[in-house]
Amino acid sequence: MRLGGIDTTSVLGYAWPPVVEPGGRVAFHLSSATLKQVDLSLVRVRCGDPDAAGPGLKAVPIASAIDGKRAVRHQPLRPGSCAVIADRPVLRGIDSFSVGAFIWPTLPGVAAQTILARWRDGAGWRFGLDAGGHLELAICDGKAVVVARTSQPALGREWLFVCGSYDARTGTLSVRQVSLDPQAGRDRTASGTASAAPGLRWIADAPLMIAAQAIGEANFDGKIDRPRLCRGAIDAAAMRALCEAINPPAGDADLIAAWDFSIDIPGQTVRDRSANRLHGELVQIPARGVTGANWDGTANDWRALPAHYGAIHFCSDDMQDAGWSPDFTLDIPADLRGGYYALRMTAQPADGDPVDSYVGFFVRTPRTAPKAKLAIIVPLATYLAYANGALRMDQVHAESMLEGLLVLSRDDLYLQVHREVGLSTYDTHADGSGWRVSSAKRPILNMRPRCNTFNYGNDTHLIDWLEEKGIDYDVVSDEDLHRDGLAALSPYRCVMTLSHPEYYSREMWDAIDAYQRSGGRHMYLGGNGFYWRIAFHRDLPGVIEVRRDVTGVRTWEGEAGEAHLAFTGESAGLWRSNGRAPQRLVGVGFDAQVFDRSAGYRRMPDGENPRVAWMFAGIAPGEMIGDFGARNGGAAGLEIDRADPELGSPPAMLLVASADRIGYGGMPAPEEFRTFHRGLDGEQNARVRADLVYFPTAKGGGVFSTGSIAWVTALSHNRYDNNVSRLMENVVKRFIDPAPLD
Amino acid sequence: MLNNAPDAAHYPVDPTRSDLVEEFRRSPKGPHSRELQMLLHRMRWESPGGRYVLYAVEPGKRWMLGKLPGKCNAPVELMHNRVYDSPAAAEWDVFKLRWEALTGQALTEPAIGN
Ligand SMILES: [Fe+2]
């Protein structure tokens, strides 16, 4: 496609694993729908942001075995979550049968959807909704399809009991749906029958499928709760009793399967309570730990009453594992420095714009061989939470927030029409529910050079600055912090969290906290940090879960009763609502967004305290700090944090500078006010501000926080000769000095 | 889902307020007077005539006007004859389109920067 500019999407891919150690191996999984061949190289990313207001794109080529031309192929994506139950002998030779479940459809009437099926090559049976939203049971002997369907389409987001049966003696096919709340115009109770040939038998060699007819085909949108399957054509009342029972009698020889999705909610296996043990595997990580048809508000935590959480919320656009075959691997040389790296893929198609596309990945410093005194923590959880965000295009608030037109990149144009790559945890699925899970096993357009600047691009401004100043650093990732805990940080005298370390698991938080308490020094160089409580998956690397509750800047809200993480059972939502406001950890915590213009910090009385004279060496007392920068002209902007003793800012903290003159574009976070009133914006409200703070911690450690995402984008101003850069140098120098801080 | 329906913005537009037009034309990026803020909120939230966006043909250098299709899996409509060399020029152009859509009156002031 020729649009002018650079084509960043005609070839895409992902690296696995996304974070690799020297001596390890990374595989590249690529796909292109249009190109046959690309030129490959490996680059070390010094700055991934091409914006001329910052350092500019700096991708340093590193000679490697993958240099050169390579053929690429098209590898399709098959979105949609479901459960696959492998074929077993017990599934052979069945003739009459009955199916039942509770369902809560979220997108009825758009396309055919499957509740339960055994279908292959146009033969078998499929129980689901037709394209008009009517319950149907279809049966086919490979020639003629016979369908029984109800006359009433299902209502969205209303529970239905649904059942169907085939009687092989008579050939009668029947379906019935019953509304669980039938009053006030909601009743969709209805039945349907049809006549098929008698004596049909189940097809052989096909898996049983829940929520899809086959992988990526006729997927279900919404919840399915307690699906049942049994031999013989039983009536609706008998099936209803089987579905109501959490634990139907396993000795019932006619019971083929009775799945209980409340067993091991963190896992990816669905369990059958019948004697047949027809367990299945989940595909594309649908949402578990969601309220079932019997949920009544007695418990809000699935761990307290799993029986009320026997549903799974499937989505036809769930995408957490692209499943692409690897094209080639790269052995990471033992002496490769830790850092941001990317596979660069270029091409010059005859009929299109020049292609310059990247696959981002990270090299961490070997656990057993830390080198530098300083380490940066790559915010993989934040990159995953924001992976492939399309929200700006789907909701109308972006232009008002920016006080200007939304500027789309080539990546955005691609995402607008290619939702199959899977969206971010800021987005909503086609059915309106929030994306709760994000995985690195798919192309992530905004975790690579040239991507939209938020997060990855901004963070590389810091990388660029460290390189410019010749400051040695090691590299650790969020997932290392999560899985290794304090051990990931303890080799270092100082660690840096970058522009937006927003998503933290308990394990990650505990590691930072323990590090600070053991004499470690922490430079928190961003805004909106330590905000959402998340989990990494127990078994699957590179996968996080986010649940948005009823507070915080949230682009969607979860359903009532679904604020606990399925991966762990922990209460999700904000850390502030979980007894850990960020102020307690790093002195400051999120207070506002300001996307139209950024500000500078003015020195506060604490900034003159001799205890921090080292911080301001070379900076005059009256100087504004960071009244410049690549993001809207200031170091305080985008998302900003403030100190507050009531929220835990420590008594020993010094508030050394503050950007408290934020304009009317500064809007406070919802948790920052209890009642609505005029005057909440930054022009009138002094609580809309970014605070620069410092405090000593136990055993000579210390914390320095900037409370602003825009901070790092001021570093390269005036060829790195500016007071943000100077202040940073002063802090790094002092923080890697072993002399105890006070 | 958060409810941010486009028709929720209903500040009335006064077609006689050429002073607000002039204020915007002089300084598209602001800061703006309270009344202009409210007019702009109406224009941006409702976006009469379609959801206008810019496509950065060359980031920081050249922008093309586009319209979001109002549904996913449909392409952004790009207007190849509306290309700008500054965001301010694009803001003014879109302001004129929206002003006309809301008031029925075309603005004839020359574009800035072009
Ligand atoms: Fe954020």
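In table form, for the structure just shown:
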item: Criterion (crowded, with 21+ Cβ neighbours inside 10 Å, more than 16 Å from the ligand (Cβ to nearest atom) and within 14 Å of another protein chain (Cβ to nearest Cβ)) met by exactly one of A:ALA630, A:ALA643; result: A:ALA630
item: Cβ-Cβ under 9 Å pairs, at least 6 apart or on other chains, segment A:642-654 side free of Cβ contacts under 8 Å to residues at least 12 places away in the same chain and assigned by TED's automatic domain parsing to the domain that holds A:PHE673, far side surrounded by fewer than 17 Cβ atoms within 10 Å (Cβ to Cβ) and not in a loop (DSSP other than H, G, I, E, B); result: A:PRO651/A:PRO645
item: Answer from B:VAL57, B:VAL13 - the residue that is β-branched (Val, Ile, Thr) and under 30 Å from A:GLN684 (Cβ atoms); result: B:VAL13
item: Close pairs from segment A:483-503: first closer than 24 Å to A:ASP737 by Cα and away from chain B (no Cβ under 14 Å), partner within 16 Å of the ligand (Cβ to nearest atom) and among the polar types (S, T, N, Q), Cβ under 8 Å, at least 6 apart; result: A:LEU498/A:ASN458; A:SER499/A:ASN455; A:SER499/A:ASN458; A:SER499/A:THR713
item: Out of A:ARG576, A:ARG584, A:ARG603, sole residue that is assigned by TED's automatic domain parsing to the domain that holds A:VAL437 and crowded, with 21+ Cβ neighbours inside 10 Å; result: A:ARG576
item: Single residue of segment A:288-305 satisfying the filter (in contact with an Asp or Glu (Cβ under 8 Å, 6 or more places away or on another chain) and of a type in the set (A, V, I, L, M, F, W, C)) that is surrounded by the most Cβ atoms within 10 Å (Cβ to Cβ); result: A:VAL290
item: Qualifying residue in segment A:670-688 (condition: within 16 Å of the ligand (Cβ to nearest atom), modelled with pLDDT of 95 or more and within 14 Å of chain B (Cβ to nearest Cβ)); result: yes
item: First in segment A:620-633 and under 17 Å from A:ASP721 (Cβ atoms), second anywhere and acidic (Asp, Glu), Cβ under 9 Å, 6 or more apart; result: A:ALA630/A:ASP49; A:ALA630/A:ASP51
item: Where A:ASP549 falls short, out of the listed (1) at pLDDT below 95; (2) away from the ligand (no atom under 16 Å from the Cβ); (3) acidic (Asp, Glu); result: (2)
item: Unique residue being farther than 26 Å from A:GLY310 by Cβ, acidic (Asp, Glu) and assigned by TED's automatic domain parsing to the domain that holds A:ASP235 when the list is A:ASP167, A:ASP181, A:ASP187; result: A:ASP167
item: Helices (runs of 4 or more DSSP H) lying entirely in segment A:311-404 (those with 3 or more residues that are at pLDDT below 95 and within 16 Å of the ligand (Cβ to nearest atom)); result: A:397-402
item: Residue check, A:GLU570 surrounded by fewer than 24 Cβ atoms within 10 Å (Cβ to Cβ), within 14 Å of chain B (Cβ to nearest Cβ) and away from the ligand (no atom under 16 Å from the Cβ); result: no
item: Segment A:521-547: number of residues that are of a type in the set (D, E, K, R), crowded, with 24+ Cβ neighbours inside 10 Å and either farther than 25 Å from A:ALA293 by Cβ or within 14 Å of chain B (Cβ to nearest Cβ) (or both); result: 2
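The values are calculated or read from the model by the stated rules, or taken from the named source; none is laboratory data. Worth saying up front: this structure is predicted, and the values here are computed from it rather than measured. A quick note on method: Cβ atoms are made from the backbone with ideal geometry, for glycine too, and the neighbour counts reach across all protein chains shown.
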